[in-house]
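*Asks:* This is the structure, below, for whatever I ask next.
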Amino acid sequence: MKATGSRGAATMILSLSLMAACATTDTGRRQLKLLPSSELQAMGNQAFAEMKTKQPIEEDPRTNAYVQCIATALARQVSRDPSAWQLAVFDEPSANAFALPGGNIGVHTGILDVARTPDQLAAVVGHEMAHVTQEHANERVSQAFLAQGGLAAASAAMGKGGRDREIVLAALGLGAQIGILMPFGRTQETEADVLGLEYMARAGFDPRQALDLWRNMEEMAEGGQVPEFLSTHPSHQRRIQTLEAHMDSALATYKKARAAGNIPNCERAPERIGARSQNAAPFSRHASERVGTR
Ligand SMILES: [Zn+2]
């Protein structure tokens, strides 16, 4: 137990942080962000760079160009500097994609079996971009501070330098894995769905294909192969309902975008030969475990 004086100081630091940290997302939802955005971005960049050295990168230039084409079309419509986004296509058979703070988007080649058209892949990438633009990782960590670490951890993280802050994050099991090990919450998933739908429509991708994407995922799951992406993105029925509720508005945006000349032309690469994926199996298993752990 700490002395009253220091606890009082910690509470004051936290109160100040809280006052500075309440933000409003693009859907009008209030959110808590305790950590400086720049810090999470730096951690996200570091984690992404590390992943790129440890996990097999897709070598086929056509597949890379295809995914990049979709990401670029979306990035132009998302309210950030389009060049601030980093994309990596990993040669991984698991059907997954993820986002890290700092504008880092990772796409596994396995998701191309589920997101079978450019529009469906745009739904995946748009969803991931929304996690980044709304700073969901920051919110998640901030919630964890309050829930697990309480006042002491939060104030220690806020009151000291970067190194101490990383130690606190590591103690909470977050470390460099932010946004990967820690699944986003239901509210954040819904928000990413709504904004992802908006982003794809603005870029000229057919928002109705977001529904097809989730049906493909469900089909795959019913066939006994639960896509990694689905396992970390719960509540299928609710997701479909949310997308349907926003479809009219997304379709209006889509038609306007097409009329304005936003007609993405991203050609899907021919089917890949599976041999290379087998060579990558030990890495893949490792990566899946990391991504799937809760
Ligand atoms: Zn998500």
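*Asks:* If r is the Cβ-Cβ distance from Arg30 to Arg62 and R0 is 30 Å, what FRET efficiency results, to the nearest 0.05?
*Replies:* Details: r = 44 Å, r/R0 = 1.46.
Rounded to the nearest 0.05, the efficiency is 0.10.
*Asks:* Let me ask something else. Just grab the label-to-label distance for Ser249 and Ala23, each label 7 Å out from Cα along the Cβ direction, in nm (one decimal).
*Replies:* Roughly 2.1 nm, to one decimal.
*Asks:* Suppose R0 equals 35 Å; then what is the FRET efficiency for Asp212 and Ala42 from their Cβ-Cβ distance, rounded to the nearest 0.05? Walk me through the numbers before you get to the answer.
*Replies:* Values: r = 37 Å, r/R0 = 1.06.
After rounding, the FRET efficiency stands at 0.40.
*Asks:* I'd like the antiparallel share, as a percent to the nearest 5, of DSSP beta bridges with both residues in the range 85-141.
*Replies:* On the way: 4 of 9 bridges.
Percentage antiparallel, nearest 5: 45.
*Asks:* Quick check on the exposure proxy: order His246, His131 from fewest to most C-beta atoms within 10 angstrom. Before the final figure, lay out the partial values.
*Replies:* Values: His246 19, His131 25.
In order of increasing Cβ crowding within 10 Å: His246, His131.
*Asks:* Under the 0.36 nm per residue contour assumption, what length would be gained going from the current alpha-carbon distance of Ile240 and Glu271 to full extension?
*Replies:* On the way: separation 31, 0.36 × 31 = 11.16 nm, distance 2.85 nm.
Residue separation times 0.36 nm, minus the Cα-Cα distance, leaves 8.3 nm.
*Asks:* Set the Förster distance to 41 Å, then compute FRET efficiency between Leu146 and Arg258 from the Cβ-Cβ distance, nearest 0.05. List each step's numbers first, then the result.
*Replies:* Numbers: r = 44 Å, r/R0 = 1.08.
The value I calculate is 0.40.
*Asks:* Under 16 Å Cα to Cα from Lys54, which aspartates and glutamates show up? Leave out anything in the same chain fewer than 8 places away.
*Replies:* Within reach: Asp91, Glu92, Glu289.
*Asks:* Follow-up question, since we're still on this one. Cut-off under 20 Å on the C-alpha distance; same-chain residues fewer than 8 positions from Lys33 excluded. Which aspartates and glutamates are left, in chain and number order?
*Replies:* Glu128, Glu135, Glu139, Asp164, Glu166, Glu189, Glu191
*Asks:* Which order, highest average first, do 251-264, 202-215 follow once you tally other Cβ atoms within 10 Å for each residue and take the mean per peptide? Could the numbers behind the result be given before it?
*Replies:* Working: 251-264: 14.7, 202-215: 22.1.
Result, highest mean first: 202-215, 251-264.
*Asks:* If you don't mind, another one. Which of Ser142, Ser38 comes first, and how do the rest follow, when ranked by fewest Cβ neighbours within 10 Å?
*Replies:* Numbers: Ser142 21, Ser38 11.
With the fewest neighbours first, Ser142, Ser38 line up as Ser38, Ser142.
Read-outs: derived from the displayed coordinates by stated rules, not from any lab. Note that the structure is a prediction, hence the values are computed from the model and not measured. Neighbour counts run over all protein chains shown; Cβ positions are idealised from the backbone, glycine included.
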